[in-house]
């Protein structure tokens, strides 16, 4: 099993929150710690454990790719048929059936989905503004006049 040292972790340039002292505390005086122990350490936030696992050379490329494919597949299956974005849906179906797993297609699908989400948010904001204006107008009309 792969082991890491404090110097190994610090060479990966973790976020500023992870100072050398904090990394040393996780190592608890040990010169090296097995990667699987670090990845299972619940005292380390899950996002930081994922960051560690995805650093170049920490895990074999094939393992990282298999894990990422699993994450993408779960996300696609959770959203397929409900996204409201036909171009993304088409890409997702092709990704799942294996006919198109290119990074370029994935990037285009992500951009399209993000654009559609932005448009939907903008439309929702406009509807909210109109509802607010209507509510204010109705409230103003229902106030007794001061005559």
With springs only between Cα atoms under 10 Å apart, run a GNM on the chain and tell me which of 20, 65, 136 wobbles the most. 136
Listed residues 16, 56, 45, most fluctuating in the chain (Gaussian network, C-alpha, under 10 Å): 16
Working from Cα positions, state the angle (0 to 90°, nearest 10) between the long axis of helix 103-142 and the longest principal axis of the chain. 40 degrees
Could you give the radius of gyration (one decimal) and Dmax (whole number) of the Cα atoms in the range 98-141, in Å? 18.8, 60
In degrees rounded to 10, the 0-90 angle between helix 61-79 Cα long axis and the longest Cα principal axis of the chain is 20 degrees
From the C-alpha gyration tensor of the range 61-142, pull out the three semi-axes of the equivalent ellipsoid (sqrt of 5λ each), sorted largest to smallest, in whole Å. 40, 12, 10
Most fluctuating of 63, 89, 21 in the GNM of the chain (C-alpha, under 10 Å) is 21
Rg from C-alpha atoms of the range 3-53, normalised by the globular rule of thumb 2.2 N^0.38 Å, equals 0.99
At 1.567 mPa s and 4 °C, Stokes diffusion of the chain via Kirkwood alpha-carbon radius, µm² per second: 65 µm²/s
Show that you can apply the helix-only estimate: for the chain, add -39,500 (n - 2.57) for every DSSP H stretch of four or more residues, divide by all residues, and state [θ] at 222 nm to the nearest 500. -22000 deg cm²/dmol
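Each value in this text was obtained by applying a stated rule to the coordinates, not by laboratory testing. Quick caveat: nothing in here was measured; it's all calculated off a predicted structure.
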